[in-house]
């Protein structure tokens, strides 16, 4: 059974190529090598032809996937500009209808500042990259007095509530 070579590591891919070349050099046919290495015989033939033509470097596995930064919507300068706005201002200061920075609010900010209409999911990716999260802070206020708060809730609040009735 042949496996999809795109799903294995780069090192494993390179090992398959190296093994194929060694076996072909020993005189085995492409079909025999393909069965051993578990790839298609035309792939073995292609690897060996490249090797004979250009040498060892021609069968090296290249970098897979997109290059870092490919298809980015914002330049580094634009990212810094938006981050600065998120830190220094709140949406109300910019006359937005939002009280807090949400993905939708950031989308409006990017449209307002840079005139780029970005999908909401891409905004979420940028917020994650910039390490802006929607989590509440774990720390509690150090001035907080739980005993006094509980006393107020038990004694003062009922008095106030009764006065309103």
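The values are calculated or read from the model by the stated rules, or taken from the named source; none is laboratory data. Computed from a predicted structure; not experimentally measured. We place every Cβ from the backbone using ideal geometry, glycine too, and count neighbours over all the protein chains shown.
Observations on the model:
- With respect to the conditions (1) outside the structural domain of residue 106 (by TED's automatic domain parsing); (2) over 21 Å from the mean Cα position of the chain (by Cα); (3) surrounded by fewer than 15 Cβ atoms within 10 Å (Cβ to Cβ), residue 64 lacks only one, and its number is (2).
- Residue, surrounded by the most Cβ atoms within 10 Å (Cβ to Cβ), within region 7-42, restricted to residues that are touching a residue at least 24 places away in the same chain (Cβ under 8 Å) and closer than 20 Å to residue 65 by Cβ: 17
- A single member of 94, 109 is in contact with a helix residue (DSSP H, G or I) (Cβ under 9 Å, 6 or more places away or on another chain) and within 16 Å of residue 74 (Cβ to Cβ), and it is 109.
- All positions within region 89-120 that are exposed (fewer than 10 other Cβ atoms within 10 Å of the Cβ) and either more than 17 Å from residue 130 (Cβ to Cβ) or at pLDDT 90 or above (or both): 93, 95, 97, 115, 117
- Any hit, region 60-67, residues being touching a residue at least 24 places away in the same chain (Cβ under 8 Å) and touching a helix residue (DSSP H, G or I) at 6+ places or on another chain (Cβ under 6 Å): yes
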